[in-house]
Amino acid sequence: MPASKTQFPKGFKKALAVGRPPNIVKLFPHSQALIVSGKYIDRAMLMKGQAIAIAANGRNAFVIRGALRAAQRANAALLIEIAKSEGGASAYCAVNFWNMAQLVDAFCNEMGITIPVAVHADHYGIKGAKDIEAAKTEIPSMFDAGITSIAIDASHLPDDQNLLASIELSPYVPKWAGLETEVGEIKGKEGLSTPEEAVFLIQGLNAHGIFPDWIALNNGTTHGIEASDSGIQVDLTKRIHEAIAKYKVSGAQHGTSGNSSDRLRDIAARTRTTKANVATALQMISWGLEVNDYGNAFLDDQGQFVKRPDCGVTAALWTEMVAYAQARNLKAGDYKKLNLPFENKMLGLPREVRQRMAQAVEDFAYHMMVDVFNARDTAPLAIEAILKAGSYTPGPKARRTEKASDWTPEKIKERAAAIQPNQGPRGNFDD
């Protein structure tokens, strides 16, 4: 529905006037899209209780369209995100850190989307000093382009370096922006995060006046296509959230695509999780592949994906995509690398094909929002929070309780040396 014919919900116009961050106002001065700080998405879920916002990885334009339409239908607050591997300087998607806000804003205005949505830079990975220096230029450029929330992810580094990198980069993230931190590299069954590591990270950030909205954990999941059903460890997640409860940090759940709906409902009901990344499932659904109830793609006896007839991309284009992947020896988990070379071919498909691609994403995302994550009717709560604050930022949830003098670089290293992390083999943690 065009924005000119949109029926605006109660409080929307005022929220639009006061709730959009400065970068969004500058970029889109005449927009009717309520693009907000990630903080407000978190606050809406906390206000409802036992609710989780989908953070849809917008690997292609159809995922973004479908997720926005699903959120509008569910009246749910939403995040659209892309990870550094997906949309950074060496991206495998056409959607990236620098055009994602433009797409979100354009689609919201085109389709009459009135739910609050944050634009999140996920897994902004820091692997060493070189990345830290590059980030000091790149992070501001991303906010210039419309990012309203970010995950600073140095989780694969030792605990002291993870904390020190986050402290060093904090001045480059606007205080009003949603902020996610991470402890424990995402790498599957081993190397799980511990309460001790999480407390160390959050206390150290608090001492330096840094108050994350979310913390992501290695709590037993992986990214992409799940090879086993071990999945998210809810009890571990609950213990970690309880250990940092006084700092009022919410949980961010990564790697949901291979976990059962019952397990995801358990995460919503028993932990402080308010954000759940959904990436691989939405990509596969937009292409028309067969997935189960919770978005894990089926593989046939030959290890090939099962393409549903009359769903997703055309049969001819899927044949071309498979041939491209096979010529480059891409395994099933690497089909994500087809996004960049095939985005324009997908955008050039017949209208009815493009519509069914977005519709399939909408239907799946709506089911997840309403039937799994309990996010229905959280959009008005985000608007309520904006109106209560009268600002584009609600401020931090916590206050400083730790002393900076106890968290100098030298003391951080001493404290970290006493931690016994449960580290396993390295893995693919990028998205």
Contacts under 7 angstrom Cβ, first residue in the range 233-249 being under 19 Å from Asp42 (Cα atoms), partner surrounded by fewer than 20 Cβ atoms within 10 Å (Cβ to Cβ), 6 or more apart: Lys238/Arg270; Ile240/Pro195; Ile244/Val199; Tyr247/Ala398; Lys248/Lys397; Lys248/Ala398
The range 267-306, subset within 20 Å of the chain's Cα centre (by Cα) and among the charged types (D, E, K, R), residue farthest from Arg356 (Cα to Cα): Arg272
Members of the range 139-160 found to be surrounded by 19 or more Cβ atoms within 10 Å (Cβ to Cβ) and in a helix (DSSP H, G or I), listed by number: Ile139, Met142, Phe143, Asp159, Asp160
Subset tally (residues that are surrounded by fewer than 22 Cβ atoms within 10 Å (Cβ to Cβ) and of a type in the set (Phe, Trp, Tyr)) for the range 263-304: 1
Pick from the range 161-199, criterion of a type in the set (S, T, N, Q) and either modelled with pLDDT of 95 or more or surrounded by fewer than 20 Cβ atoms within 10 Å (Cβ to Cβ) (or both), ranking: nearest to Ile412 (Cα to Cα): Gln161
Pick from the range 48-74, criterion more than 28 Å from Ala91 (Cα to Cα) and in contact (Cβ under 8 Å) with a residue 60 or more places away in the chain, ranking: nearest to the chain's Cα centre (by Cα): Ala51
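The values are calculated or read from the model by the stated rules, or taken from the named source; none is laboratory data. The shown structure was predicted, so the numbers you read here are calculated from the model rather than taken from an experiment. Every residue, glycine as well, gets a Cβ built from its backbone with ideal geometry; the counts of neighbours run over all protein chains shown.
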